[in-house]
Amino acid sequence: MGLNNWISVARSLLTNAPSYLIFQVTSKCNSRCLTCFNWKRIDSPEKNDLTLDEIEKISENYGRVLQLTLGGGEPFLRDDIADICLLFDKNNSVQHITIATNCLLPHKIKKVVENILLRCNLNYLKIGLSLDGIGEEHDRLRGVPGNYKKVLETYSYLTETKRKHSNLGLDISSVLSALNKDSIHTTIDTVKWQFPEIDKHAVVAVRGDAREKASKDIDAECYMNTLNYLKQANATKSKNLVARIFKALFNINSEMVYGQLKTGRLSIPCLAGQRLIVITPDGEVYPCEGLDQSIGNLREFRYQMQTVLESERAQKLIKFIRERGCSCSWECAFHASLVFNVKHYPKILYRTFFQN
């Protein structure tokens, strides 16, 4: 990663646009996770996902993007996922791309990741491998027999690629819920020795309108106990600076999520809707994944994000968030609120170099 990449990062940080974009690029999924917050859209028989041509129009009109997170559904079910990454590289100078995957398509994932790395000038590409338990427990929670073996296969393929590309990062992401809270320590221990080349193991709390309602029966102390256990097993081995920054942000995030779960209040101003935006597969725009209030559909606004954000509906909702009318434990909102507020930089840098 060269100087031009870091200059682009600085420019993205200084802009007032929502340069942290979470794009749910498909409503199709080959998992049926019990903790999924997006299950109603995935289970809907009517799929009206944006085409590549439409995504190109969105990208052309969007402005700079620092962090692009691709989700779904399962992103790798789209055959044009590398083309989508290339659009944001070309049109938006994106520097960091994160793609979460259920790992059910190991061969395709390897091929697409290598394609992205070869075609895009990225500071960092991070692939998040979903893992909620070990063996049959993971298969049960994800609703797919044999899923755990696919995770192992995907990890094996991507570690080979990682050795050739220093800007590829690998994470394991686990959802903590009432369904695995008694076994999560075993999962953390197993990840440490079975996935030794990952950059970080992240554990996030179940959120939103989960498919299995009982899965949400966890409290702040359960979450923090899990995170404290995770810290002991999660020392960063990576020499990659970006990987270390992401790890520091995750640790700070986790502490803030704990505070929110315990008190119901946010410890920092939320920048969702200002610096962070969510686009759903059919083009609806949300300030975050926790507020079920769309601020407009890009198709109706001729794919112009700025026009959507300038609408009266958007301004009212952004004002509502700014004045702390809502409070949630969504890690990505904390992440954006940390990254795009310079007063947090000393703490982030200290944790990057001295407590990682």
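Here is how the numbers come out for the structure above:
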{"quantity": "Normalised contact order of the chain, rounded percent, pairs of Cα under 8 Å and 6 or more residues apart", "calculated": "18 percent"}
{"quantity": "Space enclosed by the convex hull of the alpha-carbon atoms of the chain, per residue, Å³", "calculated": "124 Å³"}
{"quantity": "Cysteines without a disulfide-compatible partner [the chain; Cβ-Cβ under 4.7 Å]", "calculated": "CYS29, CYS85, CYS103, CYS120, CYS222, CYS270, CYS288, CYS326, CYS328, CYS332"}
{"quantity": "GNM flexibility winner over the chain from VAL308, VAL94, VAL285 (Cα, springs under 10 Å)", "calculated": "VAL308"}
{"quantity": "Links that overshoot a 25 Å alpha carbon limit, given the list LYS192/LYS213; LYS150/LYS262; LYS181/LYS213; LYS108/LYS181; LYS90/LYS110", "calculated": "LYS192/LYS213; LYS150/LYS262; LYS108/LYS181"}
{"quantity": "Most to least accessible of THR51, THR98 (protein chains only, probe 1.4 Å)", "calculated": "THR51, THR98"}
{"quantity": "The stretch 19-86: equivalent-ellipsoid semi-axes (sqrt of 5 x gyration tensor eigenvalues, Cα, Å)", "calculated": "23, 13, 11"}
{"quantity": "Orientation-averaged projected area, Cα convex hull of the stretch 174-253 (nm²)", "calculated": "5.6 nm²"}
{"quantity": "Gap separating the Cα centres of the stretch 132-203 and the stretch 269-330, nearest whole Å", "calculated": "32 Å"}
{"quantity": "Normalised alpha carbon radius of gyration of the stretch 200-356 [divisor 2.2 N^0.38 Å]", "calculated": "1.14"}
{"quantity": "Hz values of 3J(HN,Hα) by residue in the stretch 196-201 - Karplus curve (6.51, -1.76, 1.60), Gly and Pro given as x", "calculated": "x, 9, 6, 8, 6, 9"}
{"quantity": "The chain - charge dipole about Cα centre, Lys and Arg +1 at Cβ, Asp and Glu -1, debye rounded to 20", "calculated": "1000 debye"}
{"quantity": "Positive-pole candidate from ILE279, ALA210, ASN341, dipole of the chain, charges at beta carbon", "calculated": "ASN341"}
{"quantity": "Solvent-accessible area, 1.4 Å probe, carbon plus sulfur percent, for the chain", "calculated": "52 percent"}
{"quantity": "For the stretch 158-205: Kirkwood Rh in Å [reciprocal of mean 1/r, alpha carbons]", "calculated": "11.8 Å"}
{"quantity": "Value of relative contact order over the stretch 139-201, rounded to a whole percent, pairs C-alpha under 8 Å and six or more apart", "calculated": "35 percent"}
{"quantity": "Only Lys, Arg (+1) and Asp, Glu (-1) charged, at Cβ; the stretch 20-174 dipole about Cα centre in debye", "calculated": "300 debye"}
{"quantity": "Where Rh is the Kirkwood radius over Cα pairs, Rg/Rh for the stretch 109-176", "calculated": "1.03"}
{"quantity": "Per-peptide average of other Cβ atoms within 10 Å, ordering 169-175, 321-327 highest first", "calculated": "169-175, 321-327"}
{"quantity": "With 5 Å bins from 0: P(r) over the stretch 117-246, alpha-carbon pairs, percent", "calculated": "2, 10, 20, 21, 19, 14, 9, 4, 1"}
{"quantity": "Candidates ASP83, ASP189, ASP292: whichever shows maximal mean-square fluctuation once the chain is modelled as a Gaussian network with Cα springs under 10 Å", "calculated": "ASP292"}
{"quantity": "Globularity ratio of the stretch 27-181, using Cα Rg and 2.2 N^0.38 Å", "calculated": "1.06"}
{"quantity": "Cut-off 10 Å between beta-carbons: net charge of the residues surrounding ASN121, Lys and Arg +1, Asp and Glu -1", "calculated": "+1"}
{"quantity": "Estimated 222 nm signal from helices in the chain, with DSSP H stretches of n ≥ 4 weighted -39500 (n - 2.57), rounded to 500", "calculated": "-14000 deg cm²/dmol"}
{"quantity": "Proximal lysines to LYS316, defined as alpha-carbon separation beneath 27 angstrom and excluding residues fewer than eight positions away on the same chain", "calculated": "LYS40, LYS57, LYS343"}
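The values are calculated or read from the model by the stated rules, or taken from the named source; none is laboratory data. Just so it is clear, the structure is predicted and the values come from calculations on it, not from any experiment. No Cβ is skipped: glycine too gets one built from the backbone with ideal geometry, and neighbour counts run over all protein chains shown. The accessibility values were calculated without ligands, DNA or RNA, using every heavy atom of the protein model including side chains. Shrake-Rupley method; radii C 1.70, N 1.55, O 1.52, S 1.80 Å.
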